[in-house]
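The values are calculated or read from the model by the stated rules, or taken from the named source; none is laboratory data. For clarity, every value in this text was computed on a predicted model and none was experimentally measured. Cβ placement follows ideal geometry from the backbone for every residue including glycine, while neighbour counts extend to all protein chains displayed. Ligands, DNA and RNA are stripped out before the accessible areas are found, and what is left, the full protein with its side chains, is counted by its heavy atoms. Shrake-Rupley method; radii C 1.70, N 1.55, O 1.52, S 1.80 Å.
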Amino acid sequence: MTLPRHFGPFGGRYVPEMLVPALDELEAAFLAARQDPAFNKSFDELLRHYCGRPTPLYPAHNLTRHLNGCHIFLKLESLNHTGAHKITNALGQALLALRMGKTRLIAETGAGQHGLATATVAARCGLGCTVFMGEVDVARQYPNVFAMRLLGAEVVAVADGTRTLKDAVNAALKEWVQHLPSTHYVLGSALGPHPYPTIVREFQSVIGREVASQLQTLTGRKPDHLVACVGGGSNSIGLFAPFLDDREIRLYGAEAGGRGPAPGEHAARLQGRPTTGIVQGYKSYFLQDEHGQIQGTHSISAGLDYAGIGPELAWHFQQGRIQFSAISDDEALAAYQLLARLEGIIPALESAHAVALAARLAPRLPKDDLMVVNISGRGDKDLFITARALDEARWRAFLHSEVHRDQ
Ligand SMILES: *Cc1c(COP(=O)(O)O)cnc(C)c1O
């Protein structure tokens, strides 16, 4: 048995020959693990006792009243260990690595969230861990770099190219090829070469399964509308997966509209006329220039600041199954403050994009409809961005006083 390799025309596996055996080994291990009650039991137990699952489904009465439209429920992935949904996938892949007899995890990371999740599960599972990060990102992301090292991971600052995420990806792939027998490469979103998009979706679809049963318990109904932010696509496909076949349920994705529609100012890959490409091992829609070079991107949220999108989401976009909207930096910041004030919940800036989209949609929907918004992460990690954007003078004064503090 194998997993499907393509989602319509998207997906596939475009990698150097040397990586093919490792990807086949991973697929076989995943297929076997799925059928193995012992694997499922240890995954479920760690999700419950270590990660904090099931995460709450919270009826947001204040937000509902404020928007004066449909009922809004928040899926609080923000209450997972390490603060976001990413730990679920990292844990699943760490257990697969143990099953394959690997002794070490490697990962690449931009802002550090996926590196942090990987370093965390490596510590828990007794695996070595090396995280590749562009030199520029290492300098910008001190809190996550500090935490990864505290967790026992080696953080490698990559000095090639633009010294950012894509250079870290290349360095991690090179390392993987050189250490295939001992090392598993943990991919952090529902993208990359087959079988990663499917494995990540399957691990994250616990989000959607929990929502289905929690909403049933709370209301006796299924949802009418599901909203999630879309970087690579793991929290969104994880929420949507169990509901894809039910056409009565509307699915909405929020992309990073950044500072506006000019090239390089956003990461809204599915607005305007999206263009297909093959990058980092898979076929999908990518932001690119007229020569097919990957375009620079911008978003206030690091997790949405990516030129590509998972191949399964590209397919559902093409089929019209999921509707995608661009949310600007300013709208996301406004939604971030709105949720803090109304519900006492400070979301990650990524998740604030989903809140902003919900705020756009809800007032126009029937009052009896049920909407679930995925709060993919909590906002602590964004302090350096949000404090500067919303309270610059006091933030700078604080940093200044810290630098000059004697003890
Ligand atoms: C990484 C991240 C995202 C974006 O990644 P997806 O794979 O699209 O889910 C969204 N929210 C948070 C909090 C993240 O850390």
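Would you mind pulling out the separation of the Cα centroids of the stretch 217-265 and the stretch 336-407, in Å?
Measuring centre to centre over Cα atoms gives 19 Å.
Would you work out the charge dipole size for the stretch 339-391 about its Cα centre, treating the Cβ of every Lys and Arg as +1 and the Cβ of every Asp and Glu as -1, and quote it to the nearest 20 debye?
The calculation lands at about 120 debye.
Within the accessible area of the chain, what % is carbon and sulfur when the probe is 1.4 Å and the other protein chains stay in place?
53
Within the set LYS283/LYS381; LYS102/LYS222; LYS86/LYS174; LYS41/LYS102; LYS102/LYS174; LYS75/LYS381, which residue pairs have Cα atoms separated by over 29 Å?
From LYS283/LYS381; LYS102/LYS222; LYS86/LYS174; LYS41/LYS102; LYS102/LYS174; LYS75/LYS381, over 29 Å: LYS283/LYS381; LYS102/LYS222.
Note down the magnitude of the dipole of the chain about its Cα centre, charges +1 on Lys and Arg C-beta and -1 on Asp and Glu C-beta and zero elsewhere, to the nearest 20 debye.
The calculation lands at about 640 debye.
Using a 1.4 Å probe, what is the accessible area per residue for the chain, in Å²?
Solvent-accessible surface per residue comes out at 43 Å².
Let a ≥ b ≥ c be the square roots of the eigenvalues of the Cα gyration tensor of the stretch 307-385; is it rounded (a/c under 1.5), or, if not, prolate (a/b larger than b/c) or oblate?
The shape class here is oblate.
For the stretch 53-156, state what percent of all Cα-Cα pairs lands in each successive 10 Å bin, counting from 0 Å until the bin that includes the largest distance.
Calculated over all Cα pairs of the stretch 53-156, the distribution is 15, 37, 24, 15, 8, 0 percent.
Report the Cα-based extents of the stretch 59-113 along its three principal axes, largest first, to the nearest Å.
Here the spans come out as 53, 24, 15 Å, largest first.
Using +1 at the Cβ of each Lys and Arg and -1 at the Cβ of each Asp and Glu in the stretch 89-186, identify which of LEU105, GLY92, MET148 lies farthest towards the dipole's positive end.
Of the candidates, GLY92 comes out farthest on the positive side.
Let's test this: bin the Cα-Cα distances of the stretch 191-335 at 10 Å from zero up to the farthest pair and state each bin's percent.
12, 40, 34, 12, 2, 0
Specify which residue in the list VAL20, CYS129, GLY344 is farthest towards the positive end of the charge dipole of the chain, using unit charges on the beta carbon of Lys, Arg (+1) and Asp, Glu (-1), about the Cα centre.
Final value for the positive-end residue is GLY344.
By DSSP, what percent of the beta bridges with both residues in the chain are antiparallel, rounded to the nearest 5?
30
Taking a ≥ b ≥ c as the square roots of the Cα gyration tensor eigenvalues, with a/c under 1.5 meaning rounded and otherwise prolate when a/b beats b/c, else oblate, which class fits the stretch 1-71?
Taking the square roots of the gyration eigenvalues as a ≥ b ≥ c, the stretch 1-71 is oblate.
Please work out the Cα center distance from the stretch 276-326 to the stretch 79-96, rounded to the nearest Å.
24
Tell me the Rg and the Dmax, in Å, that the Cα atoms of the chain produce.
For the chain, the Cα-based Rg and Dmax read 20.3, 64 Å.
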